[in-house]
Structure formats: structure tokens, C-alpha cells
Amino acid sequence: MASVKSREYIRDLESKFLRNDLPELKTGQKIKVWTKYKEKDKEREVPFEGIVISVRGSGTNKTFTVRNTTSGVQVDRIFPYHSPYIVRIEILQDSPRKKAKLYHQQF
Amino acid sequence: MISGLIFHKVGMTRIPDENGNFVPATVLRLDGGVIVGVRQINGEKRVILSFDRAKEKNVPKPIIGILRKAGVNDTFKILKEFKLLGSTEVSPGQKIRVDIFSVGEKVDVIGVSKGKGFQGAMKRWGFAGGPDSHGSMSHRRVGAIGCRTDPGRVWKGKKMPGRMGYNKVTVKNLKILYVDTDKELIAVKGSVPGWIGAKVIVRKKESR
């Protein structure tokens, strides 16, 4: 059985990799995520805009899903929240929903 | 430098590697690592280390005797010998820290795998089993186990159902992702044999 102590050690280790500089996300928010993208030796910042439909997990395992429609096709992108690839997150519109997950909604 | 240490398996998580990608990691903790003796076998220097802190009443008296003779005041349950790599000088009573391992280094992890109990041939050996339907009555059975008059017996070592797991398992070339000297924690990439709380030997690649 995983003892309380072993969970503490894991939490302590994970805390070294957590990011505190990003805003807290809630489902329903319209956001723009800027990610680092390596191109040969150049590094670019690529934005992805959409609505948060899911925030799940805890510690380093936390991820969020952003849904967007680009040229008629719905695109879901799952980001690890604490990923070093994320440069910044902009909250464009803050309208939190009552539901924790918005998988059923079309945008 | 000491060739390896005994760690306790703490559990698994995911942490970013040097490229920033999240990878599965097993967290291991060092409990002990105090030198109780140095000796020479065939010109090779070996170091006896003590691990696994325990109450004095739970430790055999001969081990306590060895510990006290070496001037170690803490009580440990396990004594284990490791090679001494390179020309480092060590002395009894000295504490070995997890910083003998560095991030990016590859290590071997030796442990005892989880016991699975009595298992069938499909789980234990990967047999295909029989058909599920069309009147088949041979779903997870072993099937035929031998030949005919010649040899008239079953070959020795035939793969059959039986006790599975609880074997000594070595996993080679696991990358070290994280080292914390204060908390005596390390994290290696991927999984490691054994249950949570199990003791595993983490061995440097050079000591193979």
C-alpha cells in the first residue's frame, strides 16, 4: 500500500516542476496558449486559441483541453499544464460554466 | 566512488526530462548508506554499506555488532557489499549520499518483481489459448504438452501454469532524471521491478 509518507515524497518532488506563473484555468474560458516550437535552430512561439473544455489531473499530471474550430474542423488540443513548452496563457474571455467538462459543446 | 546503493521504491509520477517532455518516472529514496567496512578481494576494493533504518530490537545482534564496531550509532537492517570504482578513499562511518548519481546518467536497477500468484500459461508464458466460441471448450487451456510414443514423456522445463512473479529482475540502462541530495531522493525514467516500499539496488553502469 502506498503510505502517506511516500505520497509526500512524490508531491515534494513534483513541486520542483510545477509552474506558478500561469493563470488558473476554468472550463468555459476563452484562452490563447503560446507554445515554444523548435524549427531547425530557430525557436518560434505558436499561439493556439480556443475554449477550455476540460481541466483534469493534479501535480505534474495536470492537463487541460482547448477546443477550436479551424476551417470547419473541430480541433481539440490537450496541453500538460506544467509543460515547459508553454510560454504564456492569455485569458481572452472569462465566462466559467457550471459544468466541469464541456465535451458535448460545439464551438 | 561507490558502484551502487540500495533504494526504497517510493512510487511513480511523471516529470519533464531535459527536453521538456513529460516522461514516466519512478521515485526512489535512500535510507542509510553508511559505510561499515572496506575490504580487498582479488585486488578489488569493496565497501560494505548499511541500509534500511530500523529499531534495535528488530535487527539481528551480529549486524548491530558490526555497526557498532565501525562506529555507526544508527541502526540499520541490511548490509550489502559494493565495488569501489576509481581511486576514492573511503572510511567506515562515512555517509554516502545520492549525489554519486548524476542527472542524465544511465543505471541498472535490480529488484524482486511483484508476486502474481499461481497463473495460467496465457498470462505466465504468453500462450495463445484456444478459440473463444464455435463450441470451443479450450478457452485458456495449455493445449498439448508433448509428443507420442517417442519420447513418451513431457520435456523437462515445459512451460506450464504455476507461480509467477517474485523473481529477481534487472532493468538495464534507466536514465536518471532527478537527484535531490537533501531529501535523498532520485527519479529514474520508466518503471522499476517490485512493489511500493520494495528495496531495489541501483547500480552504476561501470560496475557491470
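A few notes on this one:
- Ordered by solvent-accessible area of protein heavy atoms (1.4 Å probe), largest first, the residues A:86, B:48 come out as B:48, A:86.
- Under conditions of 4 °C and 1.567 mPa s, the stretch B:129-188 yields 76 µm² s⁻¹ as its translational diffusion coefficient, taking Rh as the Kirkwood radius over Cα pairs in the Stokes-Einstein equation.
- Within the assembled protein chains, the solvent-accessible surface assigned to residue B:87 is about 120 Å², based on a 1.4 Å probe.
- Solvent-accessible surface, computed for protein heavy atoms with a probe of 1.4 Å, shrinks by 30 Å² or more for the following residues of the stretch A:11-27 when the other protein chains are added to the isolated chain: A:12, A:13, A:16, A:17.
- Counted charge near residue B:116, where neighbours are those whose Cβ lies closer than 9 Å (Asp, Glu -1; Lys, Arg +1): +4
- Pairing chains B and A buries close to 1600 square angstrom of accessible surface in total, based on protein heavy atoms and a 1.4 angstrom probe.
- Debye log10 I(q)/I(0) for chain B, one point scatterer per Cα, at q = 0.13, 0.16 Å⁻¹: -0.83, -1.05
- Here each label is just a point 7 Å from Cα along the line to Cβ, and for residue B:149 and residue B:57 those points are 7.1 nm apart.
- For the stretch A:81-105, a reduction of at least 20 Å² in accessible area between the chain on its own and the assembled protein chains (probe 1.4 Å) is found at A:84, A:85.
- Summarised as an ellipsoid, the stretch B:85-205 has semi-axes of 46, 17, 12 Å, derived from the eigenvalues of the Cα gyration tensor scaled by 5 and square-rooted, with the largest first.
- Over the stretch A:4-93, equivalent-ellipsoid semi-axes from the Cα gyration tensor in Å: 26, 18, 11
- Percentage of interatomic Cα-Cα distances in the stretch B:1-94 larger than 18 Å: 54
- Computed from Cα positions, the angle between helix A:4-15 and the longest principal axis of chain A comes to roughly 50 degrees.
- For chain A, accessible area per residue (1.4 Å probe, heavy atoms of protein chains only), Å²: 64
- At most 10 other Cβ within 10 Å, DSSP loop - chymotrypsin sites (Phe, Trp or Tyr not before Pro), the stretch B:105-136: none
- When the GluC sites (Glu not before Pro) in the stretch B:57-165 are filtered for DSSP coil states and for at most 16 other beta-carbon atoms within 10 Å of their beta-carbon, the remaining sites are B:89, B:105.
- The protein assembly as shown: radius of gyration over Cα atoms, expressed as a fraction of 2.2 N^0.38 Å: 1.36
The values are calculated or read from the model by the stated rules, or taken from the named source; none is laboratory data. Fair warning: this is a prediction, and the values are worked out from it, not measured in the lab. Methodologically, a virtual Cβ is constructed for each residue, glycine included, from the backbone with ideal geometry; neighbour enumeration extends over all protein chains shown. The area values use the complete protein model at the heavy-atom level, side chains included, leaving out ligands, DNA and RNA. Shrake-Rupley method; radii C 1.70, N 1.55, O 1.52, S 1.80 Å.
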